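Colleague: Quick one: this structure, given as structure tokens, is what I'll be asking you about.
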Amino acid sequence: MSQKIYKVPEDFAALAHLRNADYQRLYQESVRDPQGFWARMGRRIDWIQPYNKVKDTSFDERDFRIRWFYDGKLNVAANCLDRHLTKRGDKTAIIWEGDDPKLSERITYRELHERVCQCANALKSLGVKKGDRVTIYLPMIPEAAVAMLACARIGAIHSVVFGGFSADSLAGRIADCGSSVIITADEGIRGGKRIALKSNVDIALTAPGTDCVKHVLVVKRTGIRVPMYARDQWFDEVASTQSKDCPPETIDAEDPLFILYTSGSTGRPKGVLHTSGGYLVYASLTHELVFDVREDDVFWCTADVGWVTGHSYVVYGPLANGATTVMFEGVPNYPDAGRFWQSVDKHKVTIFYTAPTAIRALMREGEEPVKHWSRKSIRLLGSVGEPINPEAWEWYHRVVGDSRCPIVDTWWQTETGGILISPLPGAIDQKPGSATLPFFGVKPAIVDNEGQTLEGATEGNLILSDSWPGQMRTVFGDHARFIETYFKTFPGRYFTGDGAKRDEDGYYWITGRVDDVLNVAGHRLGTAEIESALVSHSKVAEAAAVGCPHDIKGTGIYVYVTLIAGEQPTEALRAELRDWVRKEIGPIATPDFIQWAPGLPKTRSGKIMRRILRKIAANEHDQLGDISTLADPAVVESLVRERMNRP
Ligand code: PRX
């Protein structure tokens, strides 16, 4: 833990929404009187029917409930659009920056409102009603935000699937939530490479369980010829003929807004379900305060809308706040390593929010591609997705931020809907690598493996002992799995799956996942998913996936594969298995290394000992710990020998 302290710059604090004393006072109030605190905060958005009831939550299994603002009614899209029209109709809502640096577009609130209404009417014309599911499988183009908001406008539940996921992953997500409509594009384009989105949809729709889909709307992005079947229609043709007026549906605060699939330690990805009122209050409040957003800011969160960061801080938080949000279609190193900073200068970005993996990749390219651009518009930097190592933090601060911009290291999860632990930039001094202190209403604690709460400076499992408005409400279609996954390990408390340290100043330092979830380049993957993809290959008998240290990705994917008897381990097969996982899950799941394993270390009851496999992958053979409980300790020796044979 780096104990270097970066004080809040005085000039920043002077203009900030909140200073340290404000944070202390409001935090105390938020945990002492959550009802009163959130009753006040909830008023930041527009309610069609104001709430009288604020918080009704219990994590106790016998009496489990999570409800916020639950007698209120609102419309999320109207909050992101209509209510800005009088004051901000001509203000830019979205700045779209294309993959090709020559392409960009500015969309005002008025234009966005029209496009959303047309899309909402198009969905209605296809029979979509409140509560129906719509899968969005799009590149980072304005239509992605338009489609999300159109669903919100009519009360349909969107499920955005990241464009980098394979046809198989897409099919699983379509079938699980029973979508009736898919919105996709002919192709995506990232870093100059094309992604065959429509073709993936066509393949996905041949999979079992996807016959729920009645219509596919296709946005023309690259203009390539794609087959159009009876169920397919061009997005533009359906939307452009619709009325630009679509009255927002009245939605209960606890009606679902979206489902977003995320990986857990077991089984298939689960459909994390977020509802409307609490989510929007939380996304907009955290957006305003963590990023200290003001009217003239240009806010750029580089995440794809396929992830929760894109939901809360590209679309819902910024638009609910009437801010200008940047949507970036490309990647950090295309056409060159200066792309972020070139775009920052082009659009005069003032707040820039990205992931440690991107920072580490750019760090490797040296300072020149950064220094080449002025970046003088930037006043605040943010980090999200994985622990940021202090070296990367320092580089981000010194090189990108010219040592003048605070950094907010924001810890949160798909399940939490918004940021839970982070500095407020005008209020909380930063320490490189620490997410610092909890946001309002958030009650983190550290417990040991038996669930005992640990006090003071300590290390253990990170839990949350009370609810916050942005919390997920259930796993779509499987409430038992929701309780089982998050509230059983430490009864009565929400288990994050993360480990954390707390220092003498009460600052939190997230140490990473303590379950079987890998965080690869800020993307979440379950070891079980990777293993099940591998064993579905005809030559694989058994597989175990673990994380290994990786310079850029933070964590790399290391898999051990036992072949079916008689199959030969060849380089060609290794390449085939890598491609297989890419095809089954998507490129983000590509194994970094495949080690052949004649056998896997298992306990006598047959459980794979991943702890040992992690140590072998990390080349820490001297720290294997107790292997006496293994069914066959000789397996370990052979794996170590094989591992030592390569660098
Ligand atoms: O392990 C934590 C890590 O990312 C996990 C959540 O992943 P996901 O649901 O995909 O959401 C990512 C974006 C919110 C967490 O359990 N994580 C996220 N942010 C941080 C982090 N770890 C350390 N520091 C962070 N700032």
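Colleague: Over all pairs of distinct alpha carbons, what does the Kirkwood formula give as the hydrodynamic radius of region 369-447, in Å?
Modeller: Numbers: mean 1/r = 0.0740 Å⁻¹.
Evaluated over region 369-447, this radius sits at 13.5 Å.
Colleague: Would you mind putting 7-14, 621-628, 459-466 in packing order, based on average other-beta-carbon counts within 10 Å, highest first?
Modeller: Descending mean neighbour count gives 459-466, 7-14, 621-628.
Colleague: Counting DSSP beta bridges in the chain, what percent are antiparallel, to the nearest 5? Please list the in-between numbers first.
Modeller: Working: 60 of 100 bridges.
Roughly 60 percent of the beta bridges in the chain run antiparallel, per DSSP.
Colleague: Let me ask something additional. Can you give me the distance in nm between label points at D296 and L103, each placed 7 Å from the Cα along the Cα-to-Cβ direction?
Modeller: Spacing of the two 7 Å Cα→Cβ label points: 3.2 nm.
Colleague: Still on this model: Need the full-extension length gain, D90 to K220, defined as separation in residues times 0.36 nm minus the C-alpha distance. One decimal, nm. Mind showing how you got there, number by number?
Modeller: Numbers: separation 130, 0.36 × 130 = 46.80 nm, distance 2.65 nm.
Taking 0.36 nm per residue and subtracting the Cα distance, the gain is 44.2 nm.
Colleague: To continue, here is another question. Cα to Cα, under 17 Å, and not fewer than 8 places away if on the same chain: which aspartates and glutamates meet these conditions relative to K443?
Modeller: The qualifying aspartates and glutamates are E29, D33, D56, D60, E415, E455, E459, D466, D498, D503, D505.
Colleague: Could you give the length gained on full extension between K130 and H372, defined as 0.36 nm per residue of separation minus the Cα-Cα distance, in nm? Walk me through the numbers on the way to the answer.
Modeller: On the way: separation 242, 0.36 × 242 = 87.12 nm, distance 5.00 nm.
Full extension from K130 to H372 adds 82.1 nm.
Colleague: Now for a separate question. What is the percent carbon and sulfur in the accessible area of the chain, measuring with a 1.4 Å probe over the protein chains and ignoring ligands?
Modeller: On the way: 12070 of 24200 Å².
The computed percentage sits at 50.
Colleague: Restricting attention to region 524-617, which trypsin sites (Lys or Arg not before Pro) occupy a DSSP loop and are surrounded by at most 14 other Cβ atoms within 10 Å?
Modeller: On the way: sites: R524, K539, K553, R574, R578, R582, K583, K602, R604, K607, R610, R611, R614, K615; in loops: K539, K553, R604, K607.
When the trypsin sites (Lys or Arg not before Pro) of region 524-617 are filtered for loop state and at most 14 Cβ neighbours within 10 Å, R604, K607 remain.
Colleague: Using each residue's phi in region 427-434, evaluate 6.51 cos²θ - 1.76 cosθ + 1.60 at θ = phi - 60° and report the 3J(HN,Hα) Karplus result to the nearest Hz, with x for Gly and Pro.
Modeller: Running phi through 6.51 cos²θ - 1.76 cosθ + 1.60 with θ = phi - 60° gives 10, 10, 5, 9, 10, x, x, 10 Hz.
Colleague: For K539, go through the aspartates and glutamates and keep the ones whose alpha-carbon is under 13 Å away, minus same-chain ones fewer than eight residues off.
Modeller: E567, E576
Colleague: May I ask you to order 386-397, 112-123, 414-425 by the average number of other C-beta atoms within 10 Å around their residues, highest value first?
Modeller: 414-425, 112-123, 386-397
Colleague: Here's another thing I want to ask about it. Just to confirm, what accessible area per residue do you get for region 53-104 at 1.4 Å probe, in whole Å²? Before the final figure, lay out each step's value.
Modeller: Values: 2210 Å² over 52 residues.
Heavy-atom SASA per residue in region 53-104 reads 43 Å².
Colleague: For region 521-646, give the share of DSSP beta bridges that are antiparallel, in percent and rounded to the nearest 5; count only bridges with both residues there.
Modeller: Counting only bridges with both partners in region 521-646, antiparallel ones make up about 75 percent.
Colleague: Report the gain in length on full extension from S240 to K488: 0.36 nm times residue separation, minus Cα-Cα distance, nm rounded to one decimal. Show your work: numbers first, answer last.
Modeller: Details: separation 248, 0.36 × 248 = 89.28 nm, distance 4.96 nm.
Taking 0.36 nm per residue and subtracting the Cα distance, the gain is 84.3 nm.
Colleague: Further, regarding this structure: With just the Cα atoms defining each centre, how far is region 41-69 from region 219-271? Give it in Å.
Modeller: Using only Cα atoms, the two centres lie 28 Å from each other.
Colleague: Continuing with the same structure: Using the Karplus equation 6.51 cos²θ - 1.76 cosθ + 1.60 (θ = phi - 60°), what ³J(HN,Hα) coupling, rounded to whole Hz, does each residue of region 314-328 give in order, writing x for Gly and Pro?
Modeller: 9, 9, 5, x, x, 6, 4, 8, x, 8, 9, 10, 9, 10, 10
Colleague: In this model, which of K488/K553; K91/K129; K7/K431; K73/K129; K102/K193 are farther than 19 Å apart at the alpha-carbon? Write out the running numbers ahead of the final one.
Modeller: On the way: K488/K553 31 Å; K91/K129 31 Å; K7/K431 9 Å; K73/K129 17 Å; K102/K193 16 Å.
Check vs 19 Å cut-off fails for K488/K553; K91/K129.
Colleague: Now for a different question. If one computes P(r) from the Cα atoms of region 210-362, what percent of pairs lie at distances over 23 Å?
Modeller: On the way: 6635 of 11628 pairs.
Cα-Cα pairs in region 210-362 separated by more than 23 Å: 57 percent.
Colleague: Now, a different point. Take the Cβ-Cβ distance between S58 and T629 as r, set R0 to 35 Å, and report the resulting FRET efficiency rounded to the nearest 0.05. Walk me through the numbers before you get to the answer.
Modeller: On the way: r = 39 Å, r/R0 = 1.10.
Step by step, r from the Cβ atoms, then E = 0.35.
Colleague: Taking the chain as a whole, which cysteines find no other cysteine Cβ under 4.7 angstrom from their Cβ?
Modeller: So, C80, C119, C151, C177, C212, C301, C405, C548.
Colleague: First obtain the Kirkwood hydrodynamic radius of the chain from its Cα pairs, then insert it into the Stokes-Einstein equation at 20 °C and 1.002 mPa s, and state the resulting D in µm² per second as a whole number.
Modeller: On the way: Rh = 25.4 Å.
D = 84 µm²/s.
Colleague: Okay, moving on. When the helix-only estimate is applied to the chain (DSSP H runs of n ≥ 4, each -39,500 (n - 2.57), divided by the residue count), what is the mean residue ellipticity at 222 nm, nearest 500 deg cm²/dmol?
Modeller: Values: 21 runs with 186 residues, N = 647.
For the chain, the value works out to -8000 deg cm²/dmol.
Colleague: Using R₀ = 22 Å, calculate the FRET efficiency as 1/(1 + (r/R₀)^6) where r is the Cβ-Cβ separation of A575 and R641; round to 0.05. Before the final figure, lay out each step's value.
Modeller: Working: r = 23 Å, r/R0 = 1.07.
E(calc), rounded to 0.05, equals 0.40.
Colleague: Antiparallel versus total DSSP beta bridges in region 456-613: what percent is that, nearest 5?
Modeller: Details: 26 of 30 bridges.
Given both bridge residues lie in region 456-613, the antiparallel proportion sits at roughly 85 percent.
The values are calculated or read from the model by the stated rules, or taken from the named source; none is laboratory data. None of the values given here were measured: they were computed from a predicted structure. Counting neighbours? That spans all protein chains shown, and the Cβs are built from the backbone with ideal geometry, glycine included. Note: accessible area is taken over every heavy atom of the protein model, side chains too, but ligands, DNA and RNA are not part of it. Shrake-Rupley method; radii C 1.70, N 1.55, O 1.52, S 1.80 Å.
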